[in-house]
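Novice: Starting off with a structure, shown below.
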Amino acid sequence: MSIIITHTGYIKKITPNKIIVGVKNIEACSTCNVAYNCTLNENPKEREIEIYDKNISDFKVNDKVIIKIYQKNAWQAMLLVYIVPIIFFVSTYFIVLNITGNDLISGFFSFLFLIIYFFCIYAFRRKINKKITFEIKKI
């Protein structure tokens, strides 16, 4: 089994299909392997995490909870958001540069395909959310 990344928080809001949990940055973030890319580590202010759970009825607003994500899922998320777009951007730039010989056109198409990539990520967010999941448990 892979390493588990955990954060403690509280339930801010409950909707029919998801739970929104408020999480504050903690000292343990500095020891985490993926802390440098984690959105929870940006600053000490509170972050919100959307969790899709089948047992929403088990929770109430202001319940203290622990959320977990397996490190494998964290790496998959970083791959989708950081690594793939950079590879996509650079490869598009050089392919279009070889075809056209124009830096401006290459840059334009690189950004255009990057916008299309993130639009596709947004369009398939529900499918991605099923693969990259958080677990929630009452304290």
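Every number in this text was worked out from the coordinates using simple rules, so none of it is lab data. Nothing here was measured: the structure is a model prediction, and the numbers come from that model.
Novice: How many angstrom lie between the Cα centre of region 71-88 and the Cα centre of region 93-109?
Specialist: Using only Cα atoms, the two centres lie 25 Å from each other.
Novice: Name the lysines eligible as straight-distance cross-link partners of Lys130: C-alpha to C-alpha under 16 Å, and not fewer than 8 places from it in the same chain.
Specialist: Lys18, Lys54, Lys68, Lys72
Novice: If N is the number of residues in region 4-138, what value comes out of its Cα radius of gyration divided by 2.2 N^0.38 Å?
Specialist: On the way: Rg = 18.6 Å, N = 135, 2.2 N^0.38 = 14.2 Å.
So the Cα radius of gyration is 1.31 times the expected 2.2 N^0.38 Å.
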